[in-house]
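Q: Input: one structure, supplied below.
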Amino acid sequence: MSDSTAAKLQTPWRLTSPGDLETLRNDIIESQDPNRPTIVVCHGNGCLAGGGAKVAEAFRQGLSDAGINAKLMPGVKTTGCQGLCSRGPLVTIQPHGFCYQRVQPGDAAEIIEKSVMATEPVERLMHRDTKTGEVFHTEEEIPFYRLQERRVIQKIGKIDPTDITDAIATGAYSSLAKVLSTMTPQEVVLEMEKSGLRGRGGAGFPTGRKWRSALQAIEKKGRPVYVVVNGDEGDPGAFMDGAIMEGDPHAVLEGLIIGAYALGAEKGYLYVRAEYPMAIKHLEMAMAQARSYGLMGENILNSGFSFDARINRGAGAFVCGESTALFTSIEGKAGNPRPKYVRSVEEGLWGRPTVLNNVETWANIPLIMGMGGEEYAKIGVPHSTGTKVFCLVGKVENVGLVEVPMGTPMTRIVEDIGGGVGGGKPFKAVQTGGPSGGCIPYSLKDTPVDFDSLTKVGSMMGSGAMIVMDETDCVVDVGRYFLKFLEEESCGKCIPCRLGLSRMREILDNFSQGKGSAADIEDLTSLSNALKDGALCALGSSAPNPVLTTIRYFKDEYLAHVEDHKCPAGVCKSLITFAIDPEKCNGCMSCARNCPAECITGKKKEPHAIDASQCLRCGICLETCKFDAIFVS
Amino acid sequence: MEKITFQINDREVEARPGWTVLETAREYGIEIPTLCFHEAVLPSGACRLCMVEIKDGDWSKLVASCIYPAAKGINVYTETERVSNVRRWIFEMLLAQVPASPEIADLAARYGVTRTRFPVKDPEEMCMLCGLCQRVCEEVVGLSAISTVDRGVHKRVGAPFLRPSDVCVACGCCVNICPTGAMRALFDSIRGETKTTLTQLTA
């Protein structure tokens, strides 16, 4: 690297043309030696919780302890979510791409010695297939990554989200430069329409059509117009928007600025839930860096177009992810949905035309502008184009962030990429779309995952949470869980949602205690339909979906609860008993010591017994027993 | 001004621009039940009793008539199966929620709902959170001495921070507009020490 380049990279220079951006990008790439070993440590939330920060520190310490005397000093880089969260903390060694899992600080020295100073793999920390035992060295080899098509999250886990130069080196803001220098706002909207992109926040409204309507509304009402990022992700099990904001904040900003240019907006808002402090921090850093490079703010790249945005933190209400509640929240009022049959593009934030899109939708826009709408529309299936990022969670081997083209069969995501539920058993159901979605049973495992197919089977795309359930998950319990969640999160404005959700949950509470009758199941369906038709906003009207789909596909299990007073999955506490198999119990006393109700008795080295009348059904004995002697019936 | 022509229950009706479906229906004496609607304040679409079905061939959807703008050529139905289902459940839930309100019981009975399958939580409860008190105080009196506090099942009517409010001038509009009489009992929890002397309230 020449001294002048180094100086240029140290102090951000205000870019004044697309050519400047290209020069800067080349300078950055030139300054990076592709052969320089880099230890890439995942700092996604999962890996951080598993000690990722300590691992990174151990590597830094390890490098200085080793007193490495190499021509190329290895570097440590921290990134956003690398994807395979259940096997974190994850560490990748570049340039050869060795992929290490469940890395602990104590492993740093060995990895430095073998994989950084030499090119030897440390196989004990590498991905091992649970079925075949095969060991995979790199991301490209691991089925979890190999079978994905990573586009939106391609840079996440590769770039340092706190350093704009890392993002620019991988092409960030090049779509913005292209748009500002070669396209008119009308052409941008046309390109969006061609792409067929549908909103990734849940409802799947065509983004191009939304922008077109906004242009029409602007013609009538004039400006100002606002662009808003919905980063109030709150579905249980969903974390892809968080991962995008944390791991590649520039993609969201770039998309937002392109959208603002297309609509002639000068101000934008990023509504991010306060529970995502890292996303807020990274977005703030990204915005400050983008401003200092002249990629945001006054006269962007000397195009004459100015745009700036600010972050609004959500105050913990799930309902603020609903568009009109989000607007009232930004306006400083209580986050209640607006009772109006007016579209946000006409009357949104501050009563002005507003385009609100989800984080992932915005992050798709640089891709579309880069490759062109027509090319983008070839990905996925007709009517559901592009890729979708899913959060694969629940009873599945590989929990993590997955991106596949729309229309990918469910089984490919859950079984091939996710590795199935383990033990070679089939999954019982997959819950898509969070509390507004539905449960798709194993018999529909080949359902293509796209907007229309999921709606057809009674579920929905939703934001992209995919909760895998196995035979130990009870559908009544799942329904109760989601209803309880929404009951707490309902704003309470309309009667069907405020009262209906509690009443539905009470009916399910009864079922879980073996009370109720088949007629109650009919009532539950009828009340669900009243909520679907009657609630003020999508929170209430989609809330019955988990219950309705489980009744549709698992009615036998409901009947087992109310008629036979049994919970086939062994979850509903009132309907199960714990017992000890005297053949298997060797009297180790471990269960008796741990039982909080002290209801397990027996002498040492003799089979024990549980007093069912005192048992709390907490399940601690089941977890404690090493001899598989405790069973649920 | 040009009138808007559309159908309610297969009957042709005319609305002035800016009217809602509910306003038009009432003009023609077509009955639609409401609880949170009052001419004095802006509609809020909260009670959902005024749901009507809009049909267009095979397609149909339910909307709240108090906020749905009259539009040319729409076909509105006020007594369909889906509409009745929503109403019936709302009434049943209200009977259990606000058992102390004879007004609600009367209205429910008019629509054939006289019993509820749900257990009663508080036999004294009269407030069903229609929000009229809060809206009249904000929009008509211009004070906002009353608000709804908390959210979801915990939502209730009260003064900000649940302390009697000095902002309240004890004008009694909230007591007057309250459709169930619940405000009479709540009034003292709203009214702080007022600086104005007022004539006695007639509720």
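Q: Would you mind telling me which residue in B:ALA108, B:ALA25, B:ALA40 has the biggest mean-square fluctuation in a Gaussian network model of chain B, where springs connect alpha carbons within a distance under 10 angstrom?
A: Among B:ALA108, B:ALA25, B:ALA40, the largest mean-square fluctuation in the Gaussian network model of chain B belongs to B:ALA40.
Q: Mind checking the angle between helix A:277-292 and chain A's longest principal axis? C-alpha axes, 0 to 90 degrees, to the nearest 10.
A: For A:277-292 against chain A, the angle is about 10 degrees.
Q: Using a 10 Å cut-off around each Cβ of peptide B:152-159, what is the average number of partner chain Cβ atoms that fall inside?
A: 4
Q: Okay, next question. Show the residues, 5+ positions off or on another chain, whose built amide H is closer than 5 Å to the amide H of B:ALA15.
A: Close amide H contacts, sequence-distant or interchain: B:ILE4, B:THR5, B:PHE6.
Q: Same structure again: Just give the residues from the stretch B:41-64 buried by at least 30 square angstrom of accessible area in the all-chains context relative to the isolated chain, probe 1.4 Å, and say none if nothing qualifies.
A: Residues meeting the cut-off: B:SER44, B:ALA46, B:ARG48.
Q: Among A:494-507, A:183-196, how do they line up by average Cβ neighbours within 10 Å per residue, starting with the highest?
A: Values: A:494-507: 25.0, A:183-196: 19.1.
Taking the mean over residues of other Cβ atoms within 10 Å, the ranking is A:494-507, A:183-196.
Q: Tell me, what ³J(HN,Hα) does each residue in the stretch B:132-145 have, in order and in whole Hz, if you take phi through Karplus 6.51 cos²θ - 1.76 cosθ + 1.60 with θ = phi - 60° and put x for Gly and Pro?
A: Here the 3J(HN,Hα) series is 4, 4, 5, 5, 5, 5, 6, 8, 9, 7, x, 10, 6, 7 Hz.
Q: Another question, then. So which GluC sites (Glu not before Pro) in the stretch A:527-633 pass both tests, a DSSP loop state and at most 15 other Cβ atoms within 10 Å of the Cβ?
A: Answer in residue order: A:GLU563, A:GLU583, A:GLU598.
Q: Enter the angle in degrees (range 0 to 90, nearest 10) between the Cα long axis of helix A:18-31 and the first principal axis of the Cα atoms of chain A, meaning the one along which they spread out most.
A: The answer is roughly 70 degrees.
Q: Also: How far, in degrees from 0 to 90, does helix A:518-534 lean away from the longest principal axis of the Cα atoms of chain A, to the nearest 10?
A: On a 0 to 90 degree scale, this one is about 20.
Q: Which order, highest average first, do A:450-458, A:127-135 follow once you tally other Cβ atoms within 10 Å for each residue and take the mean per peptide?
A: A:450-458, A:127-135
Q: Too long at a 26 Å Cα-Cα cut-off: which of A:LYS604/A:LYS626; A:LYS131/A:LYS573; A:LYS221/B:LYS55; A:LYS194/A:LYS388; A:LYS77/A:LYS267; B:LYS55/B:LYS155?
A: Flagged as over cut-off: A:LYS131/A:LYS573; A:LYS221/B:LYS55; A:LYS77/A:LYS267; B:LYS55/B:LYS155.
Q: Listed highest first by mean packing, meaning other Cβ atoms within 10 Å per residue, what order do A:480-491, A:350-361 come in? Before the final figure, lay out the partial values.
A: On the way: A:480-491: 22.3, A:350-361: 24.0.
Result, highest mean first: A:350-361, A:480-491.
Q: Now for a different question. To the nearest 100 Å², how much accessible surface do chains A and B hide from each other in total, with a 1.4 Å probe?
A: 2800 Å²
Q: Sticking with this one: Taking 31 Å as the cut-off for C-alpha to C-alpha distance, list the pairs among A:LYS333/A:LYS428; A:LYS333/A:LYS456; A:LYS395/A:LYS484; A:LYS484/A:LYS566 that go past it.
A: In this structure, A:LYS333/A:LYS428; A:LYS333/A:LYS456 lie more than 31 Å apart at Cα.
Q: List the residues of the stretch A:507-539 for which accessible area in the full set of protein chains is at least 20 Å² lower than for the chain on its own; 1.4 Å probe, protein heavy atoms only.
A: A:ASP523, A:SER526, A:LEU527, A:ALA530, A:ASP533, A:GLY534, A:LEU536
Q: Please work out the C-alpha center-to-center distance from the stretch A:500-568 to the stretch A:278-320 and express it in whole Å.
A: Centre-to-centre (Cα) distance: 44 Å.
Q: While we're looking at this one, here's another question. In the stretch B:122-167, carbon and sulfur make up what percent of the accessible area (probe 1.4 Å)?
A: 52 percent
Q: Provide the per residue accessible area, probe 1.4 Å, for the stretch A:385-532, rounded to a whole number of square angstrom.
A: 27 Å²
Q: Right, here's the next one. Under the Karplus relation 6.51 cos²θ - 1.76 cosθ + 1.60, θ = phi - 60°, what is the ordered set of whole-Hz ³J(HN,Hα) values for the stretch A:182-187, x standing for Gly and Pro?
A: 10, 10, 8, x, 4, 5
Q: Accessible area per residue, 1.4 Å probe, Å², for the stretch A:577-632: what's the number?
A: Result: 65 Å² per residue.
Q: Another question about this same structure. Can you give the mean number of other chain Cβ atoms that lie within 10 Å of the Cβ atoms in peptide A:484-496?
A: Details: counts 0, 0, 1, 2, 4, 2, 5, 4, 10, 12, 9, 16, 8.
Whole-number average of other-chain Cβ neighbours for A:484-496 is 6.
Q: Take the solvent-accessible surface of the protein heavy atoms, probe 1.4 Å, and return the percent of it on the stretch A:516-594 that carbon and sulfur atoms account for.
A: 48 percent
Q: Going by a ≥ b ≥ c, the root eigenvalues of the Cα gyration tensor, does the stretch A:158-305 fall in the rounded group (a/c under 1.5), the prolate group (a/b larger than b/c) or the oblate group?
A: oblate
Q: While we're here: Which percentage, to the nearest 5, of the DSSP beta bridges contained in chain A is antiparallel?
A: Expressed as a percentage, antiparallel bridges in chain A total about 55.
Q: Hey, can you grab everything whose amide H is under 5 Å from the amide H of A:GLY570? Only 5+ residues off in sequence or another chain; H modelled, so Pro and N-termini drop out.
A: Amide H to amide H, under 5 Å and 5 or more residues apart or across chains, A:GLY570 pairs with nothing.
Q: A further question follows. Under the Karplus relation 6.51 cos²θ - 1.76 cosθ + 1.60, θ = phi - 60°, what is the ordered set of whole-Hz ³J(HN,Hα) values for the stretch A:455-469, x standing for Gly and Pro?
A: Values per residue, Gly and Pro as x: 5, 4, 8, x, 10, 7, 5, x, 7, x, 6, 10, 9, 8, 10 Hz.
Q: Rounded to whole Å and sorted largest first, list the principal axis extents of the Cα atoms in chain A.
A: Largest first, chain A extends 80, 68, 40 Å along its Cα principal axes.
Q: Let me ask another. Which of the residues in the stretch B:66-85 show a loss of at least 10 Å² in accessible area from their chain by itself to the complete set of protein chains, at a probe of 1.4 Å?
A: Residues shielded by partner chains are B:ILE67, B:TYR68, B:PRO69, B:ARG82, B:ASN85.
Q: Here's another thing I want to ask about it. Given H placed on each backbone N at 1.01 Å, which residues far from A:VAL449 in sequence or on other chains put an amide H within less than 5 Å of it?
A: Placed amide hydrogens put A:GLY407, A:THR408, A:MET410 under 5 Å from A:VAL449.
Q: Can you give the mean number of other chain Cβ atoms that lie within 10 Å of the Cβ atoms in peptide A:160-169?
A: Mean partner shielding for this stretch: 0.
Q: For the stretch B:1-124, what's the relative contact order in percent, using C-alpha pairs closer than 8 Å and at least 6 residues apart? If you can, show how the numbers build up before the last one.
A: Details: 201 pairs, mean separation 28.2, N = 124.
Relative contact order here is 23 percent.
Q: Between A:PHE205 and B:ARG16, what FRET efficiency comes out of the Förster formula 1/(1 + (r/R0)^6) with R0 = 45 Å and r the beta carbon distance, rounded to 0.05? Working shown, then result.
A: Working: r = 32 Å, r/R0 = 0.71.
FRET efficiency, B:ARG16 to A:PHE205: 0.90.
Q: So which chymotrypsin sites (Phe, Trp or Tyr not before Pro) in the stretch A:536-633 end up in coil per DSSP with only 15 or fewer other C-beta atoms within 10 Å? Working shown, then result.
A: Values: sites: A:TYR553, A:PHE554, A:TYR558, A:PHE578, A:PHE627, A:PHE631; in loops: A:PHE554, A:PHE627.
Here the sparse-neighbourhood loop sites are A:PHE627.
Q: Still on this structure, please answer the following. For the stretch B:26-74 and the stretch A:369-406, what is the centre-to-centre distance using only Cα atoms, to the nearest Å?
A: 40 Å
The values are calculated or read from the model by the stated rules, or taken from the named source; none is laboratory data. Just so we're clear, the structure is a prediction, and the values are computed from it rather than from any experiment. Neighbour counts are summed over all protein chains in view; Cβ atoms, including those assigned to glycine, are modelled from backbone coordinates with ideal geometry. These area figures cover heavy atoms from the full protein model, side chains too; ligands, DNA and RNA do not enter into them. Shrake-Rupley method; radii C 1.70, N 1.55, O 1.52, S 1.80 Å.
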